[in-house]
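Down below is the structure, laid out as structure tokens.
The values are calculated or read from the model by the stated rules, or taken from the named source; none is laboratory data. Predicted model, so just to flag it, every value in this text is computed and none were measured. So basically every Cβ, Gly included, is an ideal-geometry build from the backbone, and we count neighbours across all protein chains shown.
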Amino acid sequence: MKVVTWNCNGALRNKFQTISKLDADIYVIQECENPTLTNNDDYKKWSNNHIWIGDNKNKGLGIFAKNDIILEKLKWENQFNALDVKYFLPCLINNEFKIVGVWNHKNNSSSFAYIGQFWKYLQVNKIHFDSKTLIVGDFNSNSIWDQNDRWWNHTDVVNELSEITLESLYHLKMNHLQGEELNHTYFQYRHESKKYHIDYIFGNLKFVENYEIKILDFNDWKEFSDHVPIILEF
């Protein structure tokens, strides 16, 4: 199984042919437009098997799969107002395992922006995060931005996920510490000097046994986005 996550920086209708060359079984794409509302017939055809959420038809979170894969959107309980946390997209794959698509937002929250959004979502839905769950996407977060007066820092979330046997697969494979990554996933304003690691795939080692994970080269993707794709094969 090959899973790709990528923040496409909008206009996926003009970029899906490029990302398709990676030949993934499943794509988790942030900042993509709603395929059901597009006027682009080719994009609509490519996204025939998908689940999408968003407040803006031009920029949401989508999970796209090959036609022979069964996607089922999961209706997890949400004790928060629907506007309090976004965007999180849990789905069942082939009735076998779960993917939780992530695109953390500031969401106009002064207290729980970005990783705080995921922390709140995790508190409510942790019961659903089992050993056959992959958490995939753009977290807009790194431990370098931890703050002393917060109990929901990036490090806190990573530790909480580790307690339920979900680990950052990149960090395990590369033996890098959080905040000390040598490979970067986001280049602010597409400047190579402003590079950060803010996209992640978390999973259980027994479930993704003998996996490979790769962060692609920014020089090959900078004309399309300020993020680069991450590929997981297991």
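Just checking: which of the strands (runs of 3 or more DSSP E) contained wholly in segment 1-88 hold 1 or more residues that are touching a His at 6+ places or on another chain (Cβ under 6 Å)?
2-7, 59-65
Just to be sure I understand the filter: pairs with C-beta atoms under 9 Å, separated by 6 or more residues or on different chains, first member in segment 220-234 and farther than 16 Å from PHE139 by Cα and free of Cβ contacts under 8 Å to residues at least 40 places away in the same chain, second member outside any loop (DSSP other than H, G, I, E, B) and of a type outside the set (Val, Ile, Thr). Which pairs pass?
Final answer for the pair search is TRP221/TRP6; TRP221/HIS227; LYS222/PHE187; LYS222/ARG190; GLU223/ARG190.
Output the number of residues of segment 67-78 satisfying the condition of being more than 15 Å from GLU96 (Cβ to Cβ) and either touching a residue at least 24 places away in the same chain (Cβ under 8 Å) or touching a strand residue (DSSP E or B) at 6+ places or on another chain (Cβ under 6 Å) (or both).
Residues that pass the stated criteria total 4.
Take SER225 and decide whether it is crowded, with 20+ Cβ neighbours inside 10 Å and of a type in the set (Ser, Thr, Tyr).
Working: crowded, with 20+ Cβ neighbours inside 10 Å: yes; of a type in the set (Ser, Thr, Tyr): yes.
Taking the combined requirement at face value, the residue satisfies it.
Is it true that some residue in segment 48-61 is farther than 20 Å from ASP138 by Cα and surrounded by fewer than 19 Cβ atoms within 10 Å (Cβ to Cβ)?
Yes, some residue in segment 48-61 is farther than 20 Å from ASP138 by Cα and surrounded by fewer than 19 Cβ atoms within 10 Å (Cβ to Cβ).
Residues GLY137, GLY116: which one is touching a Ser or Thr at 6+ places or on another chain (Cβ under 7 Å) and either farther than 21 Å from ILE213 by Cβ or without any contact (Cβ under 8 Å) to a residue 12 or more places away in the chain (or both)?
On the way: GLY137 fails: either farther than 21 Å from ILE213 by Cβ or without any contact (Cβ under 8 Å) to a residue 12 or more places away in the chain (or both).
Just a single option satisfies the conditions, and that option is GLY116.
Between a residue in segment 1-17 that is small (Gly, Ala, Ser) and any residue that is modelled with pLDDT of 95 or more and crowded, with 17+ Cβ neighbours inside 10 Å, which pairs come within a Cβ distance under 7 Å, given they are 6 or more apart or on different chains?
Hits for this filter: GLY10/GLU31; GLY10/LYS59.
Out of the residues in segment 127-156 meeting the condition of being charged (D, E, K, R) and in contact with a helix residue (DSSP H, G or I) (Cβ under 8 Å, 6 or more places away or on another chain), tell me which one is nearest to GLU96 (Cα to Cα). So that I can check it myself, show each step before the final result.
Pass one, segment 127-156, residues charged (D, E, K, R): 130, 132, 138, 146, 149-150, 156.
Restricting the remaining residues to those that are in contact with a helix residue (DSSP H, G or I) (Cβ under 8 Å, 6 or more places away or on another chain) gives 146, 150, 156.
Details: ASP146: 35, ARG150: 36, ASP156: 29 Å.
Checking each candidate, the answer is ASP156.
One residue is enough: does segment 201-209 have a residue meeting the conditions of a type in the set (A, V, I, L, M, F, W, C), surrounded by 15 or more Cβ atoms within 10 Å (Cβ to Cβ) and closer than 18 Å to SER20 by Cα?
The answer is no; no qualifying residue exists.
Quick one: how many residues across segment 170-195 are closer than 25 Å to PHE16 by Cβ and within 16 Å of the chain's Cα centre (by Cα)?
Looking only at that region, the number is 4.
Among (1) in a helix (DSSP H, G or I); (2) under 19 Å from GLN30 (Cα atoms), there is one condition GLN123 misses while meeting the rest; what is its number?
Unmet for GLN123, out of (1) in a helix (DSSP H, G or I); (2) under 19 Å from GLN30 (Cα atoms): (2).
Filter segment 177-200 down to the residues that are part of a loop (DSSP other than H, G, I, E, B) and crowded, with 17+ Cβ neighbours inside 10 Å and list them by number. Even if it seems obvious, please write down each step before you answer.
Applying the first criterion (part of a loop (DSSP other than H, G, I, E, B)) to segment 177-200 yields 177-185, 191-194, 197-198.
Of everything in segment 177-200, those that are part of a loop (DSSP other than H, G, I, E, B) and crowded, with 17+ Cβ neighbours inside 10 Å turn out to be GLN178, GLU181, ASN183, HIS184, THR185, HIS197, ILE198.
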